[in-house]
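Structure, as structure tokens:
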Amino acid sequence: MEFKGKVAIITGAGGAGPGGLGVDYARALANEGAAVVLSDMDGASAKRIAKELADQGHRAVGIAADVSDEQAVEAMVRETKSAFGGVDILINNAGLCRGKWGQGIDLPTADWIKIFAVNTVAPLVCTRACRESMKARGGGVVINIASSAAFEENGAYSVTKTAVIAMTNLLSLELGGDNIRVNALSPGMMHGNVPSEQAAAYRDKQKLRRRGSPEDLIGALLYLCSERSSFVTGMTLRVDGGVIHGHI
């Protein structure tokens, strides 16, 4: 029960999105004693999953929130504080894809703006909203979910995830004085629904030649959230089977 007494917000935890990993993160933290807030655009799904966790004896609530809406984010934090007293851990997991995979210049400007709002700006907004509560509780942990795609020239999604890593570095600098650690977790291809040919091609770039799974991420996530990484901040931890990227 490593996180007993801690409160964690996990965005994008309604089971949808790329891989639906937010549910796995929430479940892992709950299993280690944390009270968890599952936030998602699909509030009904987030509340359903939270109820399943609560029925298993965990402290969990589900909240409907659009992380690209600053007022909705502030309401999410207020509801978390009302339910559990404050915030210790924030997992910025909500993510969005637009257009075809790898599409860049031909992607409409409105789509570029939307995916940046969700993938890059929202982690900043959510972190800002949690800052005072974390500071009042003696510090906190922010985990931004990047992607192996950040290390490739592979369209708009890659650009937003590269920016997430830069945002992580900036926030770790600005929040270090508040004893708030900010790190990024960079998954490879896990259990997202992708064509088998694409999955096979990705696997061929890995040093470990097997498909990743949510379980491969949990140890890294819990490490970054715990006191075991108390002197680690501004770090991007890649959990991708050792993908070899052409331009790195």
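By the gyration tensor of its Cα atoms, with a ≥ b ≥ c the square roots of the eigenvalues, what is the shape of the range 7-239: rounded for a/c under 1.5, prolate for a/b over b/c, or oblate? Can you show the working numbers first?
Numbers: a/c = 1.41, a/b = 1.37, b/c = 1.03.
Verdict is rounded for the range 7-239.
Taking every DSSP beta bridge that has both residues in the chain, what percent is antiparallel when rounded to the nearest 5? Intermediate results must be reported in sequence, preceding the final value.
Values: 0 of 27 bridges.
Bridges in the chain that DSSP calls antiparallel: roughly 0 percent.
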Problem set entry | Qualifying lysines (Cα of each under 27 Å from Cα of Lys47; at least 8 residues distant if same chain) | Lys4, Lys6, Lys81, Lys114
For this session: Mind pulling the angle between the C-alpha long axis of helix 21-31 and the longest principal axis of the chain? Nearest 10 degrees, somewhere in 0 to 90.
Result: 40
Problem set entry | In nm, spacing of pseudo-spin labels at Glu52 and Met1 (7 Å Cα→C-beta vector) | 2.4
Exercise. Which Cα, out of Ala30, Met1, Thr80, lies furthest along the positive dipole direction of the range 1-139 (beta carbon charges, K/R +1, D/E -1)?
Worked result: Met1
Problem set entry | Spatial separation of Cα centroids for the range 197-248 and the range 64-88, in angstrom | 29
For this session: Working from Cα positions, state the angle (0 to 90°, nearest 10) between the long axis of helix 70-84 and the longest principal axis of the chain.
Result: 50
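Using helices alone, I'd like the mean residue ellipticity at 222 nm for the chain: each DSSP H run of four-plus residues gives -39500 (n - 2.57), total over residue count, nearest 500.
Details: 8 runs with 103 residues, N = 248.
Computed ellipticity for the chain at 222 nm equals -13000 deg cm²/dmol.
Charges at C-beta only: +1 for Lys and Arg, -1 for Asp and Glu. How large is the resulting dipole of the range 7-239 about its Cα centre, in Debye rounded to 20? All intermediate terms of the calculation are to be shown ahead of the outcome.
Details: 24 positive and 24 negative charges, 88 e Å.
Dipole of the range 7-239, to the nearest 20 debye: 420 debye.
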Problem set entry | Dipole axis of the chain (+1 Lys, Arg; -1 Asp, Glu on Cβ), positive-most option in Ser68, Val243, Ala44 | Val243
Problem set entry | Charge dipole of the range 7-239 about the Cα centre (unit charges at C-beta), most positive-ward option of Gly12, Tyr223, Asn92 | Tyr223
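We did not get these values from a lab; they are worked out from the coordinates using the rules stated. Owing to the predicted nature of the structure, the values given are computational and were not obtained by experimental measurement. Every residue, glycine among them, receives a Cβ derived from its backbone with ideal geometry; neighbour counts consider all protein chains shown.
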